[in-house]
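Presented below is the structure to which this report refers.
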Amino acid sequence: MDVVWLSRLQFAAAAMFHFLFVPLTLGLSFLTAIYQTLWLKTGDEDYKRAARFWGKLFLINFGLGVVTGITLEFQFGTNWSAYSQYVGDIFGPLLAIEATLAFFLESTFIAVWWFGWKKLSPKVTTAAIWLTAVGSNISALWILLANGWMQHPVGYVLRNGRAELASFWKVVTNPFGWLEFLHTVPSGYVVAGFFVLGISACHLLRKRDVSLFKKSFKVAAIWSLVWALVIAVTGDFHAYEVAKNQPEKLAAMEAVWKTEKHVPFSLILVPSESKEKNIVDALQIPGLLSFLAYHDFNAEIKGLKDFPKDERPPVAPTFWSFRLMVLIGFLLIILGIWAVVRREEPEKHPGMLRILFASMFLPYLGCQFGWIVAEVGRQPWIVYKLMKTSQAVSPISATQVMISLPAFIVVYAVLGAICFWLIGYHAMKGPEKEEPAGEITY
Amino acid sequence: MEGNAFQIVWFILWAILWTGYFVLDGFDLGAGSLIYVLGRTEEDRRAIYNSIGPFWDGNEVWLITAGGATFAAFPKTYAVMFSAFYSALLLLLFCLIIRGVAVEYRNKFDSKAWKTLWDVGFFLGSVLPAFLLGVAFANIFEGIPIDKNGIYHGSFWTLLHPYSIIAGVFFVICFAMHGANWIAFRTEGELSERAGSVARKLWGLSVVLAAIFFLASYLSTNLWDNYARHLGLLVFPAIAVIGFFVVPGGLVTKNYLMAWIGSCLVILGFSAWAFAGLFPNMLPSSLNPAWSLTCFNSSSSLLTLEIMTAVALIFVPIMLGYTFWAYKIFAFNKKSSQPAQ
């Protein structure tokens, strides 16, 4: 295994692992803030206990999101130094802004929220959890603008053997980046929504703290459905942007081999990369793919065979991840509708509750598939049409990465398992009956 | 690229970010290093964890920002430095990961085995990063074997040599003194007294190591060269020396906040001394000075530096404002938290 492959696997592992925790952070911060605000407005103790309960679970998850994020910042330099030098003028500031605007905000105010619970007024701690949520979401914006630039580089000029910034405005208004943001962040909101639905379902099935969990359920049901629908809408806009700017990725996502107009959407499709065609192609809806991609039933879609072989992304991972992601998206909408319809008396529908509990992992999977489409679908480019991944690695020995990659996998697997176990333990323990005496501590 | 004022501005901001990181994460890494020395009982240990609880995460963000600023303002230095220090950086990373998780998870489950395990993680995740940071920066001060293409001709072991090991030990002891002062300030009763007494011993050790480190830097690096040319820069090591007087002044009078401010001055003075001595280098080449990376030959374009400056001017004061406010409500009002059960 050469240093390029090892480094790619390492980055993929680190990024996918980081993204096990970030979506929940993005959404649960807002949900906790909502519950706490509802407490402020209604004075209902159930909402206060809910805010503390969901906030505690948020805190356990947040820590792992933070520490796995540092890994990624380091990794641009450690494993991808050629990339860092080439794009640092544009990519670097986006990361530095993320740290300055967002990381300080979320890290400071989550501590204010937790440790200040008794010391500060409810209004101040409520503001603190809102600021934490805002901070996390601002951080998502800047990193997605950075990734958006990798997918669709704008506002730069090639000079001095590298990409140099020509227009900061173009970089921060890059539609590709914004559409990534409008699609990725709601996916985090849905992860959080189903997290709350699933755990609430568990307690409702066991008839524990029914009043609190009914209220949690109701808010989370509406939240989940709204954002699941937003994901579908922004997903469509985003795919349209991909079709415009990254036709190879579109062709791989949809396994289009031959260039043609009025391309149908096939409900059942199995591509074969070696044969450069689809070996199963059934249940076609005429013209639908052209419409989805270009909003025109007669639009021409360029097929993979008309791109040079070394510029095509790997078809199987891109295709299957995309399809599974969309399938999950639709399932979540259906489950969301069901939860919303039954939101007033969910405890009377144990079948639904069991299914919701079992479905908690689905949004997580959707997020991972989405990122595989985004990143694997961009290959062989690390910056689309500007720099290939194979040119981007550091001049380091493969041996170093042969040691660090398994080390990451082991350490992350252990910490991840501990995190999910600890979340499960506290989730099942349920909300505290009353607040701890004395000062709030660890 | 021709030299411009923004490159100098960003060298200074880069130095300030690293200095801020050492002053802030220094005391929580130091506190963690002392978990076994000072944490004799379960109550003691909980008190130590809680003394840094509201602060450690925000402090660590200074590291992320310093790294991000290096990337944004000096991408060539970022690229060469991070790939050359591969193994040391990843080791630092694993330690910081374990430290963060340990602080957050240790008290979330009631089992002696669980707590013991995380205490080990907290300890190693505090001591080792201090040591590795010392080693890393010593190599930055001394220079590493990079060629004219920025390719590093060495390994992890190249980074370990007498000067860098002295630096590593110095960082560990200095951070520990800083952490002891913080624990003394933030806790009460017997634990606070013991922390003060440990701080005194660490202070003595730090003074000796500081002298050794100043001397070793004279022998192994060019850090003192700028000082010969610009005597005004001596204000920086003077701050460190003043700090070394303020610390025992505070410890003797049991004004632990003053002692902590003293150790802040020590770390601030040392960092400023080192970065002022390093200027304009950012990563010297031990093979050939002409191949050194400086703030003039490794920076981003002028436009990027200008934009980053605007961002910094607007948002850093805001960040400093709410950071100071958080410290005020959790630490600097004199009814500081009791170590609760």
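Pick out the one residue from A:328, A:403 that is within 14 Å of chain B (Cβ to nearest Cβ) and either surrounded by fewer than 19 Cβ atoms within 10 Å (Cβ to Cβ) or at pLDDT 95 or above (or both).
A:403
Taking the conditions exactly as written (touching a Phe, Trp or Tyr at 6+ places or on another chain (Cβ under 6 Å) and either over 30 Å from residue A:403 (Cα atoms) or surrounded by 23 or more Cβ atoms within 10 Å (Cβ to Cβ) (or both)), does residue A:50 satisfy them or not?
yes
This table checks each residue for (1) closer than 24 Å to residue B:312 by Cα; (2) crowded, with 24+ Cβ neighbours inside 10 Å; (3) aromatic (Phe, Trp, Tyr); (4) free of Cβ contacts under 8 Å to residues at least 24 places away in the same chain.
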| site | (1), (2), (3), (4) |
| --- | --- |
| A:90 | yes, yes, no, no |
| A:102 | yes, no, no, no |
| A:108 | yes, yes, no, yes |
| A:121 | no, no, no, yes |
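So, in segment B:82-105, exactly how many residues are closer than 23 Å to residue A:404 by Cα and either surrounded by fewer than 17 Cβ atoms within 10 Å (Cβ to Cβ) or at the interface with chain A (Cβ under 7 Å from one of its Cβ atoms) (or both)?
Selection size over segment B:82-105: 12.
Considering only residues of segment B:257-274 that are of a type outside the set (S, T, N, Q) and crowded, with 23+ Cβ neighbours inside 10 Å, which is farthest from residue B:10 (Cα to Cα)?
Start the filter on segment B:257-274 by keeping residues that are of a type outside the set (S, T, N, Q), which leaves B:257-262, B:264-270, B:272-274.
Checking the rest, the ones that are also crowded, with 23+ Cβ neighbours inside 10 Å come to B:259-260, B:262, B:266-267, B:270, B:273-274.
Details: B:259: 31, B:260: 29, B:262: 27, B:266: 23, B:267: 21, B:270: 19, B:273: 17, B:274: 16 Å.
Result: B:259.
Looking at residue A:19, is it among the aromatic types (Phe, Trp, Tyr), closer than 26 Å to residue B:82 by Cβ and in contact (Cβ under 8 Å) with a residue 40 or more places away in the chain?
So residue A:19 passes the test.
Going by what's in this entry, would residue A:394 be described as among the small types (Gly, Ala, Ser), within 14 Å of chain B (Cβ to nearest Cβ), part of a loop (DSSP other than H, G, I, E, B) and more than 30 Å from residue A:219 (Cβ to Cβ)?
The answer is yes for residue A:394.
Look through segment B:147-165, keep the residues that are out of contact with any Asp or Glu (no Cβ under 9 Å at 6 or more places or on another chain) and closer than 26 Å to residue B:215 by Cβ, and return whichever of them is surrounded by the most Cβ atoms within 10 Å (Cβ to Cβ). Step through it out loud before you land on a result.
Filtering segment B:147-165 for residues out of contact with any Asp or Glu (no Cβ under 9 Å at 6 or more places or on another chain) gives B:147-152, B:154-160, B:162, B:165.
Okay, now just the ones that are also closer than 26 Å to residue B:215 by Cβ, so B:154, B:157-160, B:162, B:165.
Working: B:154: 13, B:157: 8, B:158: 15, B:159: 22, B:160: 15, B:162: 11, B:165: 15.
Among them, the one singled out is B:159.
Given the criterion at pLDDT 95 or above, over 27 Å from residue A:67 (Cα atoms), in a loop (DSSP other than H, G, I, E, B) and of a type in the set (A, V, I, L, M, F, W, C), identify the matching residue among A:154, A:233, A:242, A:219. Walk me through how you get there before you give the answer.
Working: A:233 fails: in a loop (DSSP other than H, G, I, E, B); A:242 fails: in a loop (DSSP other than H, G, I, E, B); A:219 fails: in a loop (DSSP other than H, G, I, E, B).
Answer to the selection: A:154.
Given the options B:112, B:108, name the one that is more than 7 Å from chain A (Cβ to nearest Cβ), among the charged types (D, E, K, R) and free of Cβ contacts under 8 Å to residues at least 24 places away in the same chain.
On the way: B:108 fails: more than 7 Å from chain A (Cβ to nearest Cβ).
Residue meeting the stated conditions: B:112.
Quickly run through segment B:213-233 and pick out the residues that are surrounded by 14 or more Cβ atoms within 10 Å (Cβ to Cβ), among the hydrophobic types (A, V, I, L, M, F, W, C) and in a helix (DSSP H, G or I).
Scanning segment B:213-233 gives B:213, B:214, B:216, B:233.
Going by what's in this entry, would residue B:129 be described as more than 10 Å from chain A (Cβ to nearest Cβ) and either buried (at least 23 other Cβ atoms within 10 Å of the Cβ) or within 18 Å of the chain's Cα centre (by Cα) (or both)?
Spelling it out, residue B:129 is indeed more than 10 Å from chain A (Cβ to nearest Cβ) and either buried (at least 23 other Cβ atoms within 10 Å of the Cβ) or within 18 Å of the chain's Cα centre (by Cα) (or both).
Within segment A:421-442, can you find the residues that are more than 8 Å from chain B (Cβ to nearest Cβ), surrounded by 15 or more Cβ atoms within 10 Å (Cβ to Cβ) and in a helix (DSSP H, G or I)?
Of everything in segment A:421-442, those that are more than 8 Å from chain B (Cβ to nearest Cβ), surrounded by 15 or more Cβ atoms within 10 Å (Cβ to Cβ) and in a helix (DSSP H, G or I) turn out to be A:423, A:427.
Of all residues in segment A:288-323, which are of a type in the set (Phe, Trp, Tyr) and either over 13 Å from residue A:252 (Cα atoms) or modelled with pLDDT under 95 (or both)?
A:291, A:294, A:297
State whether one or more residues within segment A:194-206 are out of contact with any helix residue (DSSP H, G or I) (no Cβ under 7 Å at 6 or more places or on another chain) and not in a strand (DSSP E or B).
yes
With respect to the numbered conditions (1) modelled with pLDDT of 95 or more; (2) touching a Ser or Thr at 6+ places or on another chain (Cβ under 7 Å), which one is the sole condition not fulfilled by residue A:284?
(1)
Looking only at residues that are at the interface with chain B (Cβ under 8 Å from one of its Cβ atoms) and among the acidic types (Asp, Glu) in segment A:71-120, which one is farthest from residue A:154 (Cα to Cα)?
Looking at the filtered set, the residue picked out is A:73.
Among the residues of segment A:238-252, is there at least one that is farther than 21 Å from residue A:147 by Cβ, surrounded by 18 or more Cβ atoms within 10 Å (Cβ to Cβ) and of a type outside the set (Gly, Ala, Ser)?
no
Out of (1) over 18 Å from the mean Cα position of the chain (by Cα); (2) within 30 Å of residue B:300 (Cβ to Cβ); (3) within 10 Å of chain B (Cβ to nearest Cβ), the odd one out for residue A:131 is which?
Here residue A:131 clears every test but (2).
Please list, ordered by first then second residue, the pairs with beta carbon atoms under 9 Å, 6 or more apart or interchain, first in segment B:226-255 and farther than 26 Å from residue B:197 by Cα, second of a type in the set (S, T, N, Q).
Every condition considered, the pairs that remain are B:233/B:226; B:236/B:271.
Go through segment B:38-72 residue by residue and tally those that are in a helix (DSSP H, G or I), within 19 Å of residue B:319 (Cβ to Cβ) and facing another protein chain (nearest Cβ under 7 Å).
10
Looking at B:184, B:136, which is the one that is assigned to a helix (DSSP H, G or I), surrounded by 24 or more Cβ atoms within 10 Å (Cβ to Cβ) and not acidic (Asp, Glu)?
One residue alone meets the criteria, B:184.
Yes/no matrix, rows are residues, columns are (1) touching a Phe, Trp or Tyr at 6+ places or on another chain (Cβ under 8 Å); (2) more than 22 Å from residue A:188 (Cβ to Cβ); (3) free of Cβ contacts under 8 Å to residues at least 60 places away in the same chain:
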residue	(1), (2), (3)
A:235	no, no, no
A:283	no, yes, yes
A:287	yes, yes, yes
A:302	no, yes, yes
A:336	no, no, no
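The values are calculated or read from the model by the stated rules, or taken from the named source; none is laboratory data. Note that the coordinates shown come from a computational prediction; the quantities given were computed from them, not determined experimentally. Virtual Cβ from ideal backbone geometry, glycine too; neighbours counted across all protein chains shown.
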